[in-house]
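Chemist: Got a structure for you, written out below as structure tokens; questions coming shortly.
The values are calculated or read from the model by the stated rules, or taken from the named source; none is laboratory data. Keep in mind that what you see is a predicted model, and the values were worked out from it rather than measured. FYI the Cβ positions are ideal-geometry reconstructions off the backbone, even for glycines, and counts take in every protein chain you see.
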Amino acid sequence: MSSADRLPRLLALVPYLMSHPGAQVPEVARLFGLTEKQLIDDLQLVWMCGLPGHTPGDLIDVSWDGGEILIDNADTIARPLRLGVDEASALLVALRMLAELPEFEDGDALARVIAKLERAAGEGAAAVSSQVAVEHDPAPDAMATVREALRGGRRLSLSYYVPGRDEVTPRQVDPTRLVMADGRSYLEGWCYRAEGMRLFRLDRMMDVEVLEVPADPPAGAEPLDLADGVFRPSPTDELAELELTPAGRWVAEYYPCEEVTELGEGRLRVTLRARDQGWVVRLALRLGDAGRVVAPEHLAARVRETAAAALARYETAG
Amino acid sequence: MSRRKTERLLNLVICLLATRRPLSAEQIRHAVPGYDAGNDEAFQRMFERDKTELREIGIPVEVHRDPWEDEPGYRIMRQAYELPDITLEADEAAVLGLAAQVWQRANLAEAAGGALLKLRAAGVQTDESAGGPLELRVDTRDPAFPALWEAVRDRRVVRFDYRAAGSESVLTRTVEPWGVVSRRGRWYVVGHDRERGAARVFRLSRISGTVTPVGRPGAVTVPDGVDIRSMVGSRDSLVRERAATVRVRQGTCQWLRQVGRTEPGAGGWDVVTVDFADPEWLAGSIVTFGADAEVLDPPDARDAVIRRLKGALA
């Protein structure tokens, strides 16, 4: 947290400490995203402040003996500042998005929170949040089965399609989480075939079945870190360089590129990492004359060979 | 912000909240430690900046102009400052915790985090482990997003350079933004395009450069009855009313077999029938199977595949 955020933080910290007498230093530090040292520094600052006059009786009284924080004489700022328009809108838009998921069809918790938040935030935020909408794709066919397995803690059996290799492989997966990211649904789970945690796109699953086996991922199975998105090429994946015409620019919008260079007249050069060479070949075929592989040369050659072989089929048949 | 300045601002907030009647700048200068006692001009500048900073973080510093006084007075009304009473049931706290985790990266994630902190400070129990086996993430990585969010929030006209799909040129657009919509993970801004004099939808990833606000906040009015979601058309809404027959090599084209109807054939080849709406879309999928698939019919889809293959060969 930068120092510019310090005042808003203090104006939340003081009310928090007022409403949680005896709160522990480590716990409060974690909650406010601070180190213990930073928190103590905040407490020392607060201790120097208070009502005009600034006699000892006017100053805020703070102690943290034995790590237990007690605060007194801070009645003027005992309540937190009201929610800003951005703050309330960020929550309201997210809540409205949740309201469209089947998980929340029953029960009215969402409607109640939205009403409470709108009341606490005032008109501005309610208006803004109705002008921002986040939609989710309709649930893929596999969704109901996947949910059932998650709820019941059961192992799943499924066939999974990997487009890069045009392969359908049977898998057994112990589901851990349902991840909905950027409009798509994924299942995170321990895959016995890969012997690791994997994400599976629900719309690429076939023949999904809940097994009579309890899900039992190995003890060391860590949730995947999705902080940088669900599509994470490995740094060891081969780099491919493509040149795109205006009609092929969508590639830069759809796939994370390492480098994007404008070439003028709407043309682009992009560099991306592909886990699978087959994937790049398929992308180049799909692009047709809207893009071409520039490097590496062996990939460019594979694209030409594949295109020539396919074209031969049309020419002999035609 | 220096420690001394944070201290001064915190004292200023307490002072303005505690006072029952508005205080003049001079009274504040004496009541709040840290203001320059000797230099009037330096004090005025500092006090102006402090007020601006308090307002930027949402603190309602009220200016009181009394006809009998020369100087304006300042105070913060408790009612305007304080978060109203709010309590959440356990199930409400759980969904709120989940909602607060939705935003990824930068501005909105910070805003949601800030809101949660204020609610906790007010004694609201929020559930951090909310959602359990469900996680939702919305990414706003488009560089144009923050500026457009602000424009929508402040009802302000914007100008940006935009390259329409497949276009070679970039044109400057002036837009009255009505809202932003995320569909299939892509963000769109919907609004009135002033140059074209009509409603338009722009994809954020096709905006190049910065989004500049034009004119004053509050200038945009969203017309009644505008449904920003329905304005963002979707390919999925196209009815797949045509059918194509595709010859596919046995043991390949798994996805095609899954979405279509397969008739086993002879000589190592099957025939799959797939429904489609747009021949270009169909060709884009079929062509990725290379020599393992051949569109037999209809001719326009077949030609679309041949065109792509020739393009890839050139």
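Chemist: Looking only at segment A:18-33, count every residue that is away from chain B (no Cβ under 13 Å) and not in a helix (DSSP H, G or I) and tell me the total.
Modeler: 2
Chemist: Moving on to the next point. Looking only at segment B:244-291, how many residues end up being on the phi > 0 side of the Ramachandran plot and out of contact with any helix residue (DSSP H, G or I) (no Cβ under 7 Å at 6 or more places or on another chain)?
Modeler: From segment B:244-291, those on the phi > 0 side of the Ramachandran plot are B:251, B:253, B:267-268, B:290; that's our starting set.
Subsequent filtering for residues that are out of contact with any helix residue (DSSP H, G or I) (no Cβ under 7 Å at 6 or more places or on another chain) retains B:251, B:267-268.
Qualifying residue count for the region: 3.
Chemist: Could you say whether any residue in segment A:64-75 is within 9 Å of chain B (Cβ to nearest Cβ), crowded, with 20+ Cβ neighbours inside 10 Å and out of contact with any Phe, Trp or Tyr (no Cβ under 7 Å at 6 or more places or on another chain)?
Modeler: yes
Chemist: In segment B:268-303, what count of residues is obtained for those that are crowded, with 19+ Cβ neighbours inside 10 Å and more than 9 Å from chain A (Cβ to nearest Cβ)?
Modeler: Residues meeting the conditions: 8.
Chemist: Hey, another quick one. Regarding A:G124, is this residue of a type in the set (G, A, S) and within 10 Å of chain B (Cβ to nearest Cβ)? I'd like the intermediate steps shown before the answer.
Modeler: Numbers: of a type in the set (G, A, S): yes; within 10 Å of chain B (Cβ to nearest Cβ): yes.
Criteria met by A:G124.
Chemist: If B:V214 passes every condition in (1) assigned by TED's automatic domain parsing to the domain that holds B:A165; (2) under 26 Å from A:R282 (Cα atoms); (3) of a type in the set (A, V, I, L, M) but one, which one does it miss?
Modeler: (2)
Chemist: For segment B:197-219, what are the residues that are surrounded by 13 or more Cβ atoms within 10 Å (Cβ to Cβ) and more than 15 Å from B:A147 (Cα to Cα)?
Modeler: Listed by number, the residues that qualify are B:A199, B:R200, B:V201, B:A219.
Chemist: Looking at segment B:143-177 only, could you name the residues that are within 10 Å of another protein chain (Cβ to nearest Cβ) and crowded, with 22+ Cβ neighbours inside 10 Å?
Modeler: The answer is B:L148, B:W149, B:V152, B:P177.
Chemist: Among the numbered criteria (1) in a helix (DSSP H, G or I); (2) touching a Leu at 6+ places or on another chain (Cβ under 6 Å), which single criterion is violated by A:I69?
Modeler: Single failed check for A:I69: (1).
Chemist: Still on this structure, I have one more. Just the residues that are basic (K, R), in a loop (DSSP other than H, G, I, E, B) and touching a Gly at 6+ places or on another chain (Cβ under 9 Å), please, taken from segment A:217-267. Break it down into steps so the answer makes sense when it comes.
Modeler: First, pick out the residues of segment A:217-267 that are basic (K, R): A:232, A:249, A:267.
Narrowing further to those that are in a loop (DSSP other than H, G, I, E, B): A:232, A:249.
If the condition is that a residue be basic (K, R), in a loop (DSSP other than H, G, I, E, B) and touching a Gly at 6+ places or on another chain (Cβ under 9 Å), then A:R249 is the only one that fits.
Chemist: How about segment B:145-166: which of its residues are of a type in the set (K, R) and within 23 Å of A:W250 (Cβ to Cβ)?
Modeler: First, the residues of segment B:145-166 that are of a type in the set (K, R): B:153, B:155-156, B:159, B:163.
Matches in segment B:145-166: B:R163 only.
Chemist: Still on this structure: Anything in segment A:163-178 that is within 9 Å of chain B (Cβ to nearest Cβ) and either under 22 Å from the mean Cα position of the chain (by Cα) or closer than 30 Å to B:V232 by Cα (or both)? List them, or say none. Before you say what the answer is, go through the steps one by one.
Modeler: Step one: filter segment A:163-178 for residues within 9 Å of chain B (Cβ to nearest Cβ), giving A:163, A:166-168, A:175-178.
Selection gives A:P163, A:P175, A:T176, A:R177, A:L178.
Chemist: Here's something else I'd like to know. Here are some residues: B:P60, B:P72. Which one is of a type outside the set (S, T, Y) and touching a residue at least 40 places away in the same chain (Cβ under 8 Å)?
Modeler: Only one candidate qualifies: B:P72.
Chemist: Among (1) more than 26 Å from B:K118 (Cβ to Cβ); (2) modelled with pLDDT under 90; (3) not hydrophobic (A, V, I, L, M, F, W, C), which single condition is B:E89 missing?
Modeler: Against the list (1) more than 26 Å from B:K118 (Cβ to Cβ); (2) modelled with pLDDT under 90; (3) not hydrophobic (A, V, I, L, M, F, W, C), B:E89 comes up short only on (1).
Chemist: Out of the residues in segment A:85-100 that are of a type outside the set (D, E), more than 8 Å from every other protein chain (Cβ to nearest Cβ) and surrounded by fewer than 24 Cβ atoms within 10 Å (Cβ to Cβ), which is farthest from A:R151 (Cα to Cα)?
Modeler: Ranking the qualifying residues of segment A:85-100, first place goes to A:R96.
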